[in-house]
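Written out below as structure tokens is the structure these notes cover.
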Amino acid sequence: MKNNSQYIYKDGKKLRTGYTTGSCAAAAAKAAAWMLCHQDICNQIKIDTPKGWQLILDVQKPTFNETEAKCCIIKDSGDDPDITNGIEVFAKVTFQETEEVTIIGGKGVGRVTQKGLQVPVGHSAINPTPMKMIQEEVRHVIPYPQGVQVEIELPKGEALAKKTFNPRLGIEGGLSILGTTGIVEPMSQEALKDTIKLEFNIIKEKGYKKVVLVPGNIGEKLIETFFNYKGENFIKISNYLGYALDLCVALEFDDVLIAGHIGKLIKPAGGTFYTHNRISSTRMEILTANLALLGMANPHLIEIMNCRTTEEAMTIIEREGYKEIYPLLVGKIVDHCEAYCFDQVKVHVALFSMDQLLAKSNSVLEMFKDEQN
């Protein structure tokens, strides 16, 4: 078996990366497609990931006949404490008359029942990046115009989903197929905080006086898309906003831009600086309170409180004409974060949905302009 892992070294400890359920699904689908075409056993399969790394994965439980092929990949989460580590991710591939690659969720893959997620209501909980990976890898083996159906199965998915937040998010019957990079990076708290600190030090050594904080890949991509900015001063802070702000003060940065999805950034609008959902689950409370201050009627406030995600709540906000909530939240995020820093750092904020810039500080564009000069 090829070693697909890379490592983070810190204080003599070696933390191993893994690969996502999305990568597993794409690899299983590609291997099954290859077996269906060649009518032979496939023992290993190579795929590309959005991270830019190639994976060569062992194929488990391969079976095929003239009409379908099926196999699985074993999920490896590396040193990340992931509940899905070691699960079997199956793909079954069959030919179909239409020209598309149709991807569906089978046993153990959840189904979306609430608005506000990246997947529409009624569809299998297979996120857009894994969906694209599966389509592309299958097409490497079975070119257009031959149609293919791919069914992803997680035999232990339904049982494991009860130990996740999926039911609260409106995903029923199983787990989600996830991953924006295809790679699982270790989430050990101390190791992650050490890595964040190291990145701060590197950016400081490069001479930057301003830094961009994003929770993860989504925030970075949104900044690149909406502001055409690709500086070297991005830091992914995960849930550690307070820790990152402390470092901004300690290293004497002049300005910080905090950018990301409203589901994360609404929390510092209520004075919360560790944003993990297990610790801080007050998104709807903060949103409802601020909408009440703007005069939203009580029946609509009740609707907001009953939403499972901020994306779902945004449809009500737009319907009722309360978009002024977004600049209000930006102002409160700025105020709380600057107070947290004892006004020693100038804070800027860009607040996004999954595909829109909702609101920003007036000074954001000036910050980018200065950095690019």
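The values are calculated or read from the model by the stated rules, or taken from the named source; none is laboratory data. Only a predicted model underlies this, so the values are computations on that prediction, with no experimental measurement involved. Every residue, glycine among them, receives a Cβ derived from its backbone with ideal geometry; neighbour counts consider all protein chains shown.
Annotations
- Residue count, region 240-269 (criterion: in a helix (DSSP H, G or I) and among the β-branched types (V, I, T)): 3
- Region 229-249 residues that are in the same structural domain as L365 (by TED's automatic domain parsing), paired with ones that are buried (at least 21 other Cβ atoms within 10 Å of the Cβ) and among the hydroxyl-bearing types (S, T, Y) (beta carbon under 8 Å, 6 or more apart): N239/T275; L241/T275
- Positions within region 302-319 being surrounded by 17 or more Cβ atoms within 10 Å (Cβ to Cβ) and at pLDDT 95 or above, in sequence order: E303, I304, A313, M314, I316, I317
- In region 235-244, the qualifying residues are those that are within 14 Å of E338 (Cα to Cα) and touching a Leu at 6+ places or on another chain (Cβ under 8 Å), and the one that is surrounded by the fewest Cβ atoms within 10 Å (Cβ to Cβ) is A244.
- Each residue in region 292-314 was checked for being in contact with a Phe, Trp or Tyr (Cβ under 9 Å, 6 or more places away or on another chain) and among the basic types (K, R), and 0 of them qualify.
- Of all residues in region 284-315 being in a loop (DSSP other than H, G, I, E, B) and free of Cβ contacts under 8 Å to residues at least 60 places away in the same chain, the one that is nearest to V121 (Cα to Cα): N306
- Within region 28-53, restricting attention to residues that are of a type in the set (D, E, K, R) and under 22 Å from the mean Cα position of the chain (by Cα), the residue that is surrounded by the fewest Cβ atoms within 10 Å (Cβ to Cβ) is D48.
- Only one of the numbered conditions (1) farther than 27 Å from G78 by Cβ; (2) surrounded by 16 or more Cβ atoms within 10 Å (Cβ to Cβ); (3) of a type outside the set (V, I, T); (4) in contact with a helix residue (DSSP H, G or I) (Cβ under 9 Å, 6 or more places away or on another chain) is violated by Q149, and that is (4).
- Evaluation of T225 against (1) under 29 Å from A26 (Cβ atoms); (2) β-branched (V, I, T); (3) in contact (Cβ under 8 Å) with a residue 24 or more places away in the chain (one fails), failing number: (3)
- A359 vs. criteria more than 30 Å from L247 (Cα to Cα) and either outside the structural domain of F226 (by TED's automatic domain parsing) or modelled with pLDDT of 95 or more (or both): no
- Check on G271, touching a residue at least 12 places away in the same chain (Cβ under 8 Å) and at positive phi: yes
Let's see how each residue does on (1) touching a Lys or Arg at 6+ places or on another chain (Cβ under 6 Å); (2) surrounded by 15 or more Cβ atoms within 10 Å (Cβ to Cβ):
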site	(1), (2)
G108	no, yes
E158	no, yes
R168	no, no
G182	yes, yes
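- For region 58-82, a tally of residues being in a loop (DSSP other than H, G, I, E, B) and exposed (fewer than 15 other Cβ atoms within 10 Å of the Cβ) returns 4.
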